[in-house]
Amino acid sequence: MSGENEFHHVSVLLHETVEGLNIRPDYTYVDLTTGGGGHAFEIASRISGNGRLICLDRDEAALEAAKKRLAPFAERISFVHENFENLGRILRELSVSNLGGVVADLGCSSFQFDTAERGFSYKSDAPLDMRMDTTAPLTAYEVVNTYPADRLTRILSEYGEERFAARIAAKIAERRSNEPIRTTVELSDIIRAAIPAAAREGGPHPAKRSFQAIRIEVNRELDAIAPALNAAIDALVPGGRISVISFHSLEDRIVKNTFADAMTGCTCPRDFPVCVCHRKPKIRLINKKPILPSSEEENENPRARSAKLRIAEKM
């Protein structure tokens with residue numbers, strides 16, 4: 001599928017994310033979304049003593065590329081082909097009791113978008129796939145060709161925030177009643193035709209929001225975030241940190257709400273004389289507002305424009 005130098009991914013907010021972890025000697029760190037290994041390389045280069053790094057990714061091609069990039073630090077790294085929603089189990093299986101930090105760069109990597117045959121992009125003609133984990137059973141083909149129109153409408157509306165979701169779903173249902181929709185270009189053309197001409201002028205590509213929505217559904221991206229973050233928060237040692245980069249409002253809302261819940265202390269009614277819930281805050285925010293990329297980074301890497309970094313510390 002690709003040569004060994006073809007995996008290209010520019011890590012967003014690299015310095016801010018790794019600095020935010022406050023890496024200390026002898027602790028274990030986890031990269032939940034290793035990708036091409038950009039954040040992982042910086043983390044590995046700062047680990048000292050008996051420290052180690054666990055690199056997770058559900059994309060085997062990403063892990064293979066990361067292994068090559070991180071070869072200088074191989075003796076201190078474990079590579080795990082897994083969905084990060086299983087973090088709690090992974091930490092138990094690897095007997096991690098000194099978790100010092102966790103980083104997550106949510107969403108797709110540049111490599112996934114740029115590898116045409118993976119079917120993530122509306123810019124290239126490819127089979128409808130969109131799987132981050134190519135061993136997973138559900139593909140974009142099944143979503144587009146088998147989901148009822150009302151379910152497609154909901155997905156496009158919720159995950160893509162697409163205001164013409166019902167029109168697009170109806171067009172998809174109409175087209176597939178004659179023959180299956182097989183490629184990204186076919187789907188992109190159907191979406192474009194479903195959106196009124198006036199709404200297509202200016203702004204992003206008319207298929208962008210719908211492709212995002214279908215990709216999120218295929219990979220269950222939003223479902224995995226809260227379980228992974230909660231597992232990380234529970235496993236962190238006091239003073240351990242978690243850095244999370246999100247790229248759209250749906251992801252960021254989950255991160256923000258998960259952090260807010262973990263920051264909540266006693267929930268007993270105010271008129272209770274003593275606390276009976278025994279709930280205490282688990283984390284504190286390092287930055288009250290999310291960290292945004294600089295204008296220089298946005299100019300150099302357009303993918304960074306919508307990025308938000310939130311960092312929390314275990315109490």
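The values are calculated or read from the model by the stated rules, or taken from the named source; none is laboratory data. The structure displayed is predicted, hence computed values, not measured ones. Cβ coordinates were reconstructed from backbone atoms using ideal geometry, including for glycine residues, and neighbour counts include every protein chain displayed. In case anyone asks, the SASA skips ligands and DNA or RNA and just uses the protein heavy atoms, side chains included. Shrake-Rupley method; radii C 1.70, N 1.55, O 1.52, S 1.80 Å.
Brief remarks on what is shown
- Reported to the nearest whole Å, the Cα centre-to-centre distance from region 56-73 to region 195-262 is 23.
- Angle between the chain longest axis and helix 221-235 axis [Cα atoms, degrees, rounded to 10]: 0 degrees
- Area of Met132 that stays accessible when all protein chains are in place (1.4 Å probe, Å², to 10): 20 Å²
- Expressed as a whole percent, the accessible surface of region 270-315 that belongs to carbon and sulfur atoms is 52, based on a 1.4 Å probe.
- Taking other residues whose beta carbon is less than 12 angstrom from the beta carbon of Asn83, and scoring Lys, Arg as +1 and Asp, Glu as -1, yields -3.
- Neighbour-limited loop hits for GluC sites (Glu not before Pro), region 241-315 (at most 12 other Cβ within 10 Å; DSSP other than H, G, I, E, B): none
- For Glu82, the residues 5 or more places off, or on other chains, whose built amide H falls under 5 Å of its own are Asp57, Arg58.
- Expected 222 nm ellipticity per residue - DSSP helices of 4 or more, -39500 (n - 2.57), all of the chain, to 500: -12000 deg cm²/dmol
- Accessible area per residue was computed with a 1.4 Å probe on protein heavy atoms; Thr139 scores about 20 Å².
- Ignoring lysines fewer than eight residues from Lys280 along the same chain, the ones with Cα atoms less than 17 angstrom from its Cα are Lys314.
- Solvent-accessible area of Arg192 with every protein chain in place, 1.4 Å probe, in Å² to the nearest 10: 100 Å²
- Antiparallel bridges, percent of DSSP beta bridges restricted to the chain (to nearest 5): 35 percent
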